[in-house]
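Trainee: Quick one: structure below, then a few questions.
The values are calculated or read from the model by the stated rules, or taken from the named source; none is laboratory data. Note that this is a predicted model, so its numbers are computed, not measured. Using ideal geometry, Cβ is built from the backbone for each residue, glycine included, and neighbour counts are taken over all protein chains shown.
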Amino acid sequence: MRTMSHCLLRTRSKSESGRVERMQQATKQRRVLVIAAHPDDEVLGCGGVVALHAKRGDLVTTILACEGESHRYQGRDVAMEQHTHNAARMLGVNDVRLLGFPDQQLDTVTLTKIVTPLEEAIGELQPTLVYCQWGGDVNRDHHLLFEAALVATRPVEACIEAVYAFDTASSTEWAYPRRFVPDTWVDISSTLEQKLDAMRCYESELRDYPHPRSVRALEHKARAWGNQCSMDAAEVFMTVRRTLREGRVG
Ligand SMILES: [Zn+2]
């Protein structure tokens, strides 16, 4: 009897310590890196998730490859940089890095030139999670940025536990064939308004409803994604890679 209660105690204490370990794991501050081609892509694709990360105290860095102005606005200053910082603040992101490559002209730059700053940032930040823009879009910059991100996040840095690709409204759905097939749904019902407010910061990029880059269409899209998994609103991702190291499972 004595032995049995001792065993029970020991079992309970083991399971208790496992529970504590799991809780610690769940509440641990993480470093998150978002990689996108143009200002506003980061909000369209994962603004709600970024706000969730910021809320739980994770450190989020956003890297935007292109300046987003020169091609479409032909030198006209639409204050894109200011819009980017306002949107980031709205989501709770303090660290935004603008690489300044020419808008809609990433194909004039060698892939190495795009990869290098991404690799440097990963080496410096040691992110646990990376969200990058899906490359199978109608936009050539998205394609090249995704290629560069795949190189920069190849599994040589043990810190990266997962790389997820996000879609971009008014680009991913206009590609053919449409190959963006999500495998991960994240409930953003608590941060959807923040995402929409962040998008409102990008005055020059917003369009009137029913354009997919209108606030109302973005809300519909989040609701539709969410409803697929009985949630009120969601953002969706394709898992590029997940790595569970040192005996971790699940
Ligand atoms: Zn874009």
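Trainee: Do any helices (runs of 4 or more DSSP H) entirely within segment 47-157 hold 3 or more residues that are at pLDDT 95 or above and farther than 20 Å from residue 238 by Cα, and if so, which?
Mentor: Numbers: elements: 70-73, 80-91, 111-125, 140-152.
Fully inside segment 47-157 and qualifying: 80-91, 111-125.
Trainee: Residues in segment 100-110: is at least one farther than 22 Å from residue 30 by Cβ, surrounded by fewer than 15 Cβ atoms within 10 Å (Cβ to Cβ) and free of Cβ contacts under 8 Å to residues at least 12 places away in the same chain?
Mentor: yes
Trainee: Restricting attention to segment 203-216, does a residue exist that is at pLDDT 95 or above and over 26 Å from residue 85 (Cα atoms)?
Mentor: yes
Trainee: Would you confirm whether any residue within segment 212-233 is crowded, with 17+ Cβ neighbours inside 10 Å and assigned to a strand (DSSP E or B)?
Mentor: No; the residues of segment 212-233 include none that is crowded, with 17+ Cβ neighbours inside 10 Å and assigned to a strand (DSSP E or B).
Trainee: So for segment 114-128 (the condition being free of Cβ contacts under 8 Å to residues at least 12 places away in the same chain, more than 25 Å from residue 245 (Cα to Cα) and within 16 Å of the ligand (Cβ to nearest atom)), does at least one residue qualify? Working first, answer last.
Mentor: Of segment 114-128, the ones free of Cβ contacts under 8 Å to residues at least 12 places away in the same chain are 116, 120, 124.
Subsequent filtering for residues that are more than 25 Å from residue 245 (Cα to Cα) retains 116.
Next cut, within 16 Å of the ligand (Cβ to nearest atom) only: none.
No, there is no match, as no residue in segment 114-128 is free of Cβ contacts under 8 Å to residues at least 12 places away in the same chain, more than 25 Å from residue 245 (Cα to Cα) and within 16 Å of the ligand (Cβ to nearest atom).
Trainee: Got at least one residue in segment 141-163 being within 14 Å of the ligand (Cβ to nearest atom) and β-branched (Val, Ile, Thr)?
Mentor: no
Trainee: Residue 175 versus (1) over 22 Å from residue 29 (Cα atoms); (2) buried (at least 16 other Cβ atoms within 10 Å of the Cβ); (3) more than 16 Å from the ligand (Cβ to nearest atom): which is the lone unmet condition?
Mentor: All conditions are met except number (3).
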